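> Here's a structure for you.
None of the figures in this text is laboratory data; all of them are computed from the coordinates on show. Source: prediction; values computed, not measured. No Cβ is skipped: glycine too gets one built from the backbone with ideal geometry, and neighbour counts run over all protein chains shown.
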Amino acid sequence: STMKNGASEVAVGVIVARVGPTRFPAKMLFPFGSRTILETVVARSRECRLIQKIVLATTVSEIDDPIVEIADRNKLVAVRGSEDDVVSRMLFAVRTAAPAATIVVRICADNPMIMPSVVDDAIATVISDGLDLITYAEFPTIPFGYSAVTMTRRTLERIDREAQELQYREHVENYCIDNPEQFNLRYQLARSEIHFPELLLRLDYEADYN
């Protein structure tokens, strides 16, 4: 894909995964169809036509060793970074494993229903319209867990520079959403056939998995 100025764009999908303290620990390692939830996310992410590279960003904690083992088994690069600072963990993963990337897609490892074509729509819109960031989750029309927040690498680097509060380090795009006048951001809208804002496809609790 190319920008209007002719520079070629390289999109990296960063799968953010950790076992750590959560309402539903180790959920990514649970079976889902013929494989684990994490492997399902990897396989579906690999179907995105506009993502050139996928990297798994997990933490240095030994509790996350099983995540790295799954990455190895699936021939996926895993980069280990900060436990709580997701911004720096993602940026470290990009700089280490995809240094040429200009577009970053934040893929949550607990969204096994992620839809490749909908993610491709988000990437294409960022590129064609010169956006800093597109998110589907704030004023939802698309089912939650069906797309992925997409931003330019410059935006991720800017968040890393400017956003110091813990909530912004953990919830990467919130800094942009809370400062809308400083970013060219957009909310991804559902096409009519996938307009289900009330539908939650993420795995927050064991009940969601069941």
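> Could you pull the Rg and Dmax for the chain, using just the Cα atoms, both in Å?
16.0, 48
> When the convex hull of the Cα atoms of the range 43-163 is projected onto a plane and the area is averaged over all directions, what value comes out in nm²?
Dividing the Cα hull surface by four gives the mean projection, 7.6 nm².
> Which of Ser117, Met28, Phe196 sits closest to the plus end of the dipole of the chain, meaning its Cα is farthest towards the positive end, when Lys and Arg get +1 and Asp and Glu get -1 on the C-beta?
Ser117
> Another question, then. Rounded to the nearest 0.05, what FRET efficiency is calculated for Tyr187 and Phe30 with R0 set to 25 Å and r the Cβ-Cβ distance?
Taking R0 as 25 Å, the efficiency between Tyr187 and Phe30 is 0.20.
> Any idea how far the Cα center of the range 149-170 sits from the one of the range 98-130, in Å?
One Cα centre to the other: 16 Å.
> Another one. Determine the percent antiparallel among the DSSP beta bridges restricted to the range 1-88, to the nearest 5.
Roughly 25 percent of the beta bridges in the range 1-88 run antiparallel, per DSSP.
> Right, another one. Along the charge dipole of the chain, pointing to its positive end and built from +1/-1 on Cβ of Lys, Arg, Asp and Glu, which listed residue (Thr102, Met90, Phe144) has its Cα farthest out?
Positive-most Cα among the choices belongs to Thr102.
> Label Ala43 and Glu157 with points 7 Å out from Cα along Cα→Cβ: what is the distance between them in nm?
In this crude label model, Ala43 to Glu157 measures out at 3.7 nm.
> Right, here's the next one. How much length, in nm to one decimal, is gained on full extension between Ser61 and Leu166, taken as 0.36 nm per residue of separation minus their Cα-Cα distance?
That works out to 35.9 nm of additional length.
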